[in-house]
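The values are calculated or read from the model by the stated rules, or taken from the named source; none is laboratory data. All values derive from a computational prediction rather than experimental measurement. Cβ atoms come from the backbone with ideal geometry, glycine included; neighbour counts cover every protein chain shown.
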Amino acid sequence: MENNTNSFDEKKKKKLTIVVVAMLVCIIACIIVAGMMFGITLARYVTGGTDTNKNLTVAKWGVTTEVSSALNVVSNQYVVNGKIAPDTEGYIDVKIKCPGTEVAVDYEVKIGDITASGGATVPDSLGVDRVVPRTDNDTTADTSKDGTALTPVTPADASYSNGVYVGLIPLQSGAAFAADFEFVVRIYFVWENDETQNTADTALGNNPPTLTFTLNVGAKQHIPSDDTSGS
C-alpha cells in the first residue's frame, strides 16, 4: 500500500515539474515574441548626452584703401621737382591697409587711360611702365627692408592685363595683420624721350594741359579656388 502511495506522489511531482517547465517555456517564448514585435531589448549600460554650447569666432575684416594725392616725380636735376616731361618718370602709391585682418586678401587695381584737358593729345610715349608690389611699409626705394630688390610687374605679365593689376596679400606667418600693416602697390608712369614725337611733345609743353587718369582699387577675401589673384 505504501509503495502505491509513493509511486502516486512521484507521478504527481513529475506532472507538476512538466507543467512548471511548460509554463516557463511559454513565458520565455512570449517574451521573445513580444521583443520581436515591440522592440523589447535587454538592458545595457548607457550614458546620457549632454548639450554643450560652443562659440564660432568670425575672422576679422578691416581692409581699407588709400591712393596718394599726387604724382611723386622721381628726382631729376634737369626738370623742376613735381613736374613731368619727356625722359622723366613718377609714381603713385596705392595703399591697402589691413589692421587686425585675419584672412588673406586679394586686391585689384584698375588703371584708366591718361587723358589731357583742352582736348590735347597724350603722347604714346607717356603711360604706365611698371607696377611694383611692396610687402612692407618702406616706400623709399624699390627694395624691401632687408635690401632685397622687389620684382616689378609690367603690362606684359599675366597679373597685369588691359590696365588691371591683381595680386594677393598673404597672412603674415599665419597670424592677423599688425595694426600698422600697409601693403603698397607702386604704379610707375614714364614719359619716354622719343625723338620722333618732338613736335607733339613741344605742343604739350607750350600749353601744359592737366593730365588725368582714374584709379579703382578693390579688395576681397582670398578664396583658394579663385584664380584671379595673380598668385
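List of remarks:
- One residue stands out in region 63-77 among those that are in contact (Cβ under 8 Å) with a residue 60 or more places away in the chain and either of a type in the set (D, E) or in contact with a Lys or Arg (Cβ under 9 Å, 6 or more places away or on another chain) (or both): the one that is surrounded by the fewest Cβ atoms within 10 Å (Cβ to Cβ), namely V67.
- G167 at positive phi and either modelled with pLDDT of 90 or more or in contact with a strand residue (DSSP E or B) (Cβ under 9 Å, 6 or more places away or on another chain) (or both): no
- Among the residues making up region 180-195, those that are assigned to a loop (DSSP other than H, G, I, E, B) and in contact with an Asp or Glu (Cβ under 8 Å, 6 or more places away or on another chain) are E192, N193, D194.
Here's the yes/no breakdown for (1) surrounded by 10 or more Cβ atoms within 10 Å (Cβ to Cβ); (2) at pLDDT below 80; (3) over 30 Å from V166 (Cα atoms):
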{"position": "M23", "(1), (2), (3)": "yes, yes, yes"}
{"position": "M36", "(1), (2), (3)": "no, yes, yes"}
{"position": "A43", "(1), (2), (3)": "no, yes, yes"}
{"position": "I84", "(1), (2), (3)": "yes, no, no"}
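Per-residue answers, yes or no, for (1) more than 22 Å from V109 (Cβ to Cβ); (2) of a type outside the set (D, E, K, R); (3) modelled with pLDDT of 90 or more; (4) surrounded by fewer than 14 Cβ atoms within 10 Å (Cβ to Cβ):
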{"position": "R130", "(1), (2), (3), (4)": "no, no, no, no"}
{"position": "P152", "(1), (2), (3), (4)": "no, yes, no, no"}
{"position": "A156", "(1), (2), (3), (4)": "no, yes, no, yes"}
{"position": "F181", "(1), (2), (3), (4)": "no, yes, no, no"}
{"position": "N193", "(1), (2), (3), (4)": "yes, yes, yes, yes"}
{"position": "A200", "(1), (2), (3), (4)": "yes, yes, no, no"}
{"position": "N206", "(1), (2), (3), (4)": "yes, yes, yes, yes"}
{"position": "I223", "(1), (2), (3), (4)": "no, yes, yes, yes"}
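- In region 97-132, residue nearest to the chain's Cα centre (by Cα) [restricted to those that are acidic (D, E) and within 15 Å of T214 (Cα to Cα)]: E108
- Residues that are over 16 Å from I114 (Cβ atoms) and either β-branched (V, I, T) or assigned to a loop (DSSP other than H, G, I, E, B) (or both) within region 70-97 comprise V74, S75, N76, Q77, Y78, V79, V80, N81, G82, D87, V94, I96, listed in sequence order.
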